[in-house]
Structure formats: C-alpha cells, structure tokens
Amino acid sequence: MPMRLLACALALGCLLAQPAAAQDTAPRAAEAPRYLTPPAPIVDILDAPPPPTVTPSPARDVVALTDRKAMPSIAELAQPMLRLGGYRVNPRNNGPHRGADGIGLRFKRTADGREVVAALPAGTTFEPLGFSPTGAHFAVASAGATRVGLWLVDPSSGRATEVPGLSLAAAAGPSCEWTADGARLYCLALPPDRGAPPEPPAAPSGPNVQESSGRSAPVRTYQDLLTNPHDEALFEHYFTSRIAAVDAASAGVTLVGPPGLYMRAEPSPDGTLILVERLERPFSWLLPAQAFPRVVAVLDPKGALVHTLATRPLADAVPINGVPTGPRTFWWKPTAPATVVWVEALDGGDPKAKVEHRDRLLTLDAPFTGTPVELVRTEYRVQGGFQGAAVQWTDAGIALVTESDRPTRRMRTWRVDGPGQARLVNERSAEDAYANPGMPVRRPGRGTVLQHGTSIYLAGNGASPQGERPFLDRLDLDTLQKTRVFQSDEKSYEQVLVPIDDAATRLLTRRETRAEPPNVYVRQVADGRLTALTEYKDPSPQLSGVEKQVLTYARADGVKLSATLYLPPDRKPGERLPLLVWAYPREFVDPNAAGQVTGSPNRFIAIRGASHFLLLTQGYAILDDPSMPIVGEAETANDTYVEQLVASAKAAVDTVVEMGVADPDRLGVGGHSYGAFMTANLLAHSDLFRAGIARSGAYNRTLTPFGFQNESRTFWEAPEIYARMSPFWYASKVNEPILLLHGEADNNSGTFPIQSERFYMALKGHGATVRYVTLPHESHGYAARESVLHTVAEMVAWMDKWVKHA
C-alpha cells in the first residue's frame, strides 16, 4: 500500500479533487426542513403503547407492572445535554439526558389477579427501582424538570410517599440499594449545600495539553469524553454526591459521611457496613469515567472509614481485551453478614500472556484485618455468567463461578463450596446455542440463585434446529442430574420468569404466539392451567396474517446458515415480492455453530422503534437476521471477511429466489451499526442487491485503529485487513443506491457521525446515488417520535423508488 494513500486514508482527506462543476451546489432551502411521516398504518403501530415491564416481588405473591410511553418527543431530546466522562447529563435536573419512560405503576397479586394502582401524581415519569427485600415497599425515581426525586409506594394500598427534600444524584442513573431487612434504602443524593455549576472561563488561560510518558496505552474509540479543565470542573459538580440513608417507614433522610464522587454505595447483608466506590483525580480525556482512578472502601453507617480495599489507578494501560491489574469487581457475599468478594488477574491483565491461571477469586470477612481467602483459580478469565455476573451465590452460600476464553470461545461453570473445593458443573462452547444449559434463576429481591434442597433452576431459550422452545430445568448440584420442569409447546413461545414457589409447582411466565402478543401468566405445572395477569392488546393488527418461516440452508463452502422469512398478509400464492434482507454479521470460531437456529417461528412480531418489519405493511417480504458468519480463528477470522460476507449473502438470496417468494430483480439490503457496515460492503463487493439502507454505521476502520467489534488486532498489526474491510476505500465500486442515516449525537464507540459524513462525501465524489440523512439530538439508536417516523418514511420511500419500482 503506497504510504501517501495510507496517510490520506488516516486523515480522511484524500477524496479526489473535483472540478468546479462537481462541487457541492445544493440549493439553500426556502423553508426549514420538516420531519416526514410514513403511511398511516405504520404510524398507528408505532404509537401503540409498549407492553409493561414486569418486576416480581421477593415473595413472588405480587408483580409490579410498569406502563411506559411509546416514544419521547424531539422536544424532550432537545433538552440541554452535557457530555461528561462518557455520560450524558441533563443539567436541569442532574439526571440522565434521556429521561425515564415509566408513566404508570400497578401491582397484581399472583394468587387472584387483584390489581392495585399506585397513587403517583398525574404526569409523573419515573424509573422503577424495585421492591424492598420484604416486599413492603416499591421505590421509584421520578424525573422532574429540576430534580430527580424518590418515591416509596405501598404495593398493598398503592399509597405513594415522596421522600421530602431528597434530590438524587442521578447523572449516571439513579443509584439506590435496600438493606436486607428492607428498613433502609441507601441512595446517592445531591449535597444540600451544593453551589451553582462552574461558569466557563470568559477566555482560555492557555492551550489544552495532553501528553504520554512513552508507556503503551492502547485505547479504543470513545465519545462524550472530557476535553478541557472546565469539563473536569463540570464533571465534579454533577457527579459529586452524599450517601443518604432513607428510612422506609418514616421517609426520613440521614446523610452519611462527606461528599465525594461516589459511583456506588451498597449496604452489607447485615446492614452494618457500606461498600463504596469513589472516583478520584486525575481524570482522563481519552477514557470514560469507568476507567478513572477510584478507591474501593468499606464505611460504617456514619460514614467513617473502616477499611480501604483497593486504590486503583487510571486504567489507561489495559491491554486490548484485557482487564486492569489488581483487585477488580467487588461484591458483598449475599449469604454472609459482611464478606467482600473480588477478582484479581494473575496474568497482568494481558490475554496474550502464557500462564497457567488467568484469574483468582478472593474473599475477606469483616473487620477486614485478616488475610484474604482464595476460593479458586481459573484457567480462563472470570467473566460471562448470568446477565454478566460471573460469580453468583445460591441461597445456601454455594458459589457458581463462570470463566470464559475469548480465543476458543470455551466456557466453564464451577461449583465452589470453599477454598480448593471446586467442581465442574458445565463446559461448552459459548457459540453453541443448542448446548446452552440455561441460566440460574435468581430469587427476586435478594440477589441469590434460588435453591430448593440441593437443586437450583436453569431457564433457557431452548434453541434447536426446529426453533427455540424455552424451558425450565431443575439441576441437582450434588448429582448434576437435570429434570425438566417445563418446556414451551410447539405452537407458542413461553418463557419462565421465575417459579412462584420454591418447589416450582407454579410458574410466572411470559407467553406469546404468532398471533397473540406477549402477556404474563401464572402457570400450574401439574395440569398446565394458565391464569392471565396482563391483558396487553395486539399493537399491530395491521400485520395479522403475516406468514413466518424459519429457513435453513448452506453457503458454497458448506457452512450451514439460517434465517427467518416474513411474508406480508396480502401476498397472493406464487407471487414474487420485493424483499429486504436485514442482517448483522457475527464472528464464529466453530463453523458448526454459525448456522444454528436461534429464533422461533412462534414469536409475536414485536415492533419498537424504526423497525424494518414495518415494511411488511407496504407489501415487502423480509428476510430477517440471515446468518452472516465470519468463521475462523479468533485472531484471523476477518482475513476473509469480504469473501465470507458475500458468500453468505448470495446463499440467502439464492434460497429465497429458489423458493419463489422473492423477485431476484427487486432485492434490497439493510442494517444498523455493524449491519450498516455490512450493507456498504455488500454494495461495494457484489451486485446482489438493487439498493441498500445503512443506519449509524462505521465505514472507515482506520478511524477505529485499536480494534473494533471482535477484531483485536490494531491497525498497525494488520493494515491490509483494515483497508480491505473498509467500504470507504471502495466507494468507487458502490454502484447501487444507498441511503445513509445517522444520529447527530451518536455516542456508540466507533460509529462517530463523521463516519457517515465522510462516506457520503466519498460516494458523492465518485458519482454514486446516495441520500444522507442526519437526525438531530439522536444517539446510536433513534428514540424521538419525530425521528422514528421520519426514519421509517425514508426507508419506505427509498425501497419503493429503488427496489419495488426498479
């Protein structure tokens, strides 16, 4: 590669000079641009309320149902926003810029379905914080115009009490933790004596300077970072908090300890201590706040220091795909009075280091004067597990520790009863969906894995070649024998949320079918009787009669693939339709796992946001999530990215054409984020499609030089791969129309808006047919009603012009 070309690509400045006639001569708009609106059936679907979120009480005798609004308005997104340390803050109320979406709260008894409505003031928007461990209270954080408040709701009566005078420090999201007895709630609150935010300097006192000491510090691309000393002062102002102990009975508040940059304050299970994490200077202008220096300590109930567990420096030298050195990821052991648990790297945090063990798990009991106890050492990294929790504790105090290895995708879960007492429970490939045993079911309100006798419960999606059939298994931890308690039938998709009783004779489930939207039920295991707790109506009757089929096929090299085909309800027998392929590539080490079926033909078509499924209302067929696997060794899979991508797309297209459902001359392709990257590459390197839709993508990989997606090699280690995978480098070969959309406030790592801006300029410079739409105030995903409707209108118009009527 010529050095001049390489330098140009890095600078994004090597678009060919163009003659005057080709310069941008777009006319000045006579009037302000206006948001478009798609056809009425699409508007009706998008305006329908979403299903409520469901929170079981600790006793599972009551469920909280949070009703949510469909979409915020663009006016809500246009509120002031500060971008500080990777967070987006609303300076008016010191909360997240994207406010809460809860608009109604109800409680239903699982025994008889009796409903109680929470008496929150009309117009309150809130975020549910959950039940107290006794179930006597339910906490919500209300998002007001000038503050984020705290309310305690009585589930039995619906009576709601606002905690007077308390303003939550919610810049990073509201943070409140119950004591185990439910008597108190520890929250991060704004200091009562906090002054006004610092004013920006009238003039700079000097340049903003950054420097490096010569130590290797590879950093992936982040956004919303601090950029100058004034940003640092703003960060301290909006993130400084006091620990507030809220009495659940009286709603009284006691402030604990001095103010600090607290990110967490969690009471010990016995309620006598508080585990805190506090940020410290120096801050970074290259990394988000999660990497800032921090102190992890234990305080007493009055805020006095009991013990400092760790003082961690700025995490700016963590190897790619590595972890910080020293103690990391602290928890309270939930079944002990006051025992802290943490993980430490044994390989310097470097995944490339050749060592016998990568991590170890340690514990230390209060009063923290002894030597930490090592429970287990792991060959792989302690990571993975249930909802990212690599260490879980059963009700009886047994530790379930999950380790995983990125290069091989191997995962193991161990039962650990004490030091040196580890027993393998399960080992599999993380890519093998068919072998997934399910995740341990947690006891609501306590954080432990629900244990009944010597057994725990595992809930899984039940992936199989015929589609997913969710299940609940009982696993005996002594014998490792499994017993199937429940599995969804062949005509529905029913997931177990939690057993209502420890013996699992009654289950709380969420059930849906192709024709019925998801609702919550109580299922009697013995006779299969179902009692509905919710009555969520079909939000999209316009899609009644849509045909859905899971397809399996193979690409030319023999790798097995799968996809789900949707046909509109008014399709005539034998009619070939215009079709949109909507996909997202994924990397695999094992080719046998690449095409495993992970969807279900029995799921209801759930549409939220600017969904491609909305094109079904306009007579399009949809091929959803066709396998686009990039198969190979973890470090070199992308060496044949383009070839594998085109081969997978061709196999998908050939399948639907051979079935007689797709018109081979009217095929479109689209995707979001990495799917947009895929779309641009398919248009650059194939002629399979008439047009493409690329939303919020990245198109020049030299702008993400320290890795992207699962690519861990840096640009300097594999420049030819970065070039080959970047559609920006092949803009001259994109000869099909492409629609580019991007949120102007995209904060996703790697997909800076400049990615679409520069790709548009490259396409325009080479005479491509391209439309470039940027959405004000929108992030990586599009939220505002106006933005969502406009995006769908653009997609429909683009597909109609360049595909349906091609």
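The values are calculated or read from the model by the stated rules, or taken from the named source; none is laboratory data. This structure is a prediction, so every number in the text was calculated from the model and none was measured. Because the Cβ atoms are built from the backbone with ideal geometry, glycine has one as well, and the counts that use them run over all protein chains shown. Please note that ligands, DNA and RNA were not included when accessible areas were found on the heavy atoms of the full protein model with its side chains. Shrake-Rupley method; radii C 1.70, N 1.55, O 1.52, S 1.80 Å.
Of all residues in segment 423-459, those satisfying the criterion of being in a loop (DSSP other than H, G, I, E, B) and open to solvent by 30 Å² or more (accessible area, probe 1.4 Å) are ALA430, ASP432, ASN436, ARG443, GLY445, ARG446, GLY447, GLY453, THR454. Count of segment 694-726 residues, restricted to those that are open to solvent by 10 Å² or more (accessible area, probe 1.4 Å) and at positive phi, is 1.
Of all positions in segment 234-252, none carries a residue that is over 27 Å from the mean Cα position of the chain (by Cα), crowded, with 19+ Cβ neighbours inside 10 Å and free of Cβ contacts under 8 Å to residues at least 24 places away in the same chain. Residue check: ARG83 meets all listed conditions (1) surrounded by 17 or more Cβ atoms within 10 Å (Cβ to Cβ); (2) under 30 Å from ASP61 (Cβ atoms) but one, namely (2). Against the list (1) closer than 19 Å to ILE630 by Cα; (2) of a type outside the set (D, E, K, R); (3) more than 25 Å from the chain's Cα centre (by Cα); (4) not in a helix (DSSP H, G or I), the condition ALA723 fails is (4). Please verify whether ARG88 is crowded, with 16+ Cβ neighbours inside 10 Å and out of contact with any Cys (no Cβ under 7 Å at 6 or more places or on another chain), treating the condition exactly as stated. Answer is yes for this residue.
Just one of the listed residues (ARG377, ARG409) is basic (Lys, Arg), within 22 Å of ALA430 (Cβ to Cβ) and at pLDDT below 95, and it is ARG409.
Taking segment 302-337 as the search range and keeping residues that are outside any loop (DSSP other than H, G, I, E, B) and hydrophobic (A, V, I, L, M, F, W, C), which one is most open to solvent (accessible area, probe 1.4 Å)? By that ranking, first place goes to LEU305. Of all residues in segment 388-416, which are among the charged types (D, E, K, R) and open to solvent by less than 10 Å² (accessible area, probe 1.4 Å)? Hit for segment 388-416 is GLU403, nothing else. Any chance segment 155-166 includes a residue that's of a type in the set (Val, Ile, Thr), open to solvent by 20 Å² or more (accessible area, probe 1.4 Å) and in a loop (DSSP other than H, G, I, E, B)? Within segment 155-166 (the criterion being of a type in the set (Val, Ile, Thr), open to solvent by 20 Å² or more (accessible area, probe 1.4 Å) and in a loop (DSSP other than H, G, I, E, B)), the answer is no, since none of the residues qualifies.
Does LEU261 count as touching a Phe, Trp or Tyr at 6+ places or on another chain (Cβ under 6 Å), of a type in the set (A, V, I, L, M, F, W, C), part of a strand (DSSP E or B) and within 26 Å of ALA233 (Cα to Cα)? Considered against the rule, which asks whether it is touching a Phe, Trp or Tyr at 6+ places or on another chain (Cβ under 6 Å), of a type in the set (A, V, I, L, M, F, W, C), part of a strand (DSSP E or B) and within 26 Å of ALA233 (Cα to Cα), LEU261 comes out as yes. Filtered by the rule that a residue be polar (S, T, N, Q), in a strand (DSSP E or B) and either within 15 Å of TRP414 (Cα to Cα) or open to solvent by 60 Å² or more (accessible area, probe 1.4 Å) (or both), segment 353-387 gives a lone residue, THR378. For segment 338-347, a residue qualifies if it is under 17 Å from GLU403 (Cα atoms) and either in contact with a Pro (Cβ under 8 Å, 6 or more places away or on another chain) or open to solvent by 20 Å² or more (accessible area, probe 1.4 Å) (or both), and the qualifying residues are TRP342, VAL343, GLU344, ALA345, LEU346.
Of note, THR531 does not satisfy the criterion of being among the β-branched types (Val, Ile, Thr), at pLDDT 95 or above and buried (at least 20 other Cβ atoms within 10 Å of the Cβ).
Close Cβ contacts (under 8 Å, 6 or more residues apart or on different chains) running from residues in segment 712-730 that are closer than 15 Å to THR640 by Cα to residues that are among the β-branched types (Val, Ile, Thr) comprise ARG713/ILE721; TYR722/THR702; ALA723/THR702; ARG724/VAL642; MET725/VAL642; SER726/THR702; PRO727/VAL734. Of all residues in segment 748-778, those being under 28 Å from PHE706 (Cα atoms) and open to solvent by 60 Å² or more (accessible area, probe 1.4 Å) number 7.
Are any residues in segment 139-154 assigned to a strand (DSSP E or B) and in contact (Cβ under 8 Å) with a residue 24 or more places away in the chain, and if so, which ones? Show your work before the answer.
Taking segment 139-154 and keeping what is assigned to a strand (DSSP E or B), we get 139-143, 148-153.
Scanning segment 139-154 gives ALA139, VAL140, ALA141, SER142, ALA143, VAL148, LEU150, TRP151, LEU152, VAL153.
Of the residues making up segment 316-344, those that are at pLDDT below 95 and of a type in the set (A, V, I, L, M) are ALA317, VAL318, ILE320, VAL323.
Would you say ALA136 is assigned to a loop (DSSP other than H, G, I, E, B) and more than 18 Å from VAL246 (Cβ to Cβ)? Talk me through it step by step, then tell me what you get.
Working: assigned to a loop (DSSP other than H, G, I, E, B): yes; more than 18 Å from VAL246 (Cβ to Cβ): no.
Against the criterion (assigned to a loop (DSSP other than H, G, I, E, B) and more than 18 Å from VAL246 (Cβ to Cβ)), ALA136 does not qualify.
In this structure, is GLN495 in a strand (DSSP E or B), on the phi < 0 side of the Ramachandran plot and of a type outside the set (A, V, I, L, M, F, W, C)? Against the criterion (in a strand (DSSP E or B), on the phi < 0 side of the Ramachandran plot and of a type outside the set (A, V, I, L, M, F, W, C)), GLN495 qualifies.
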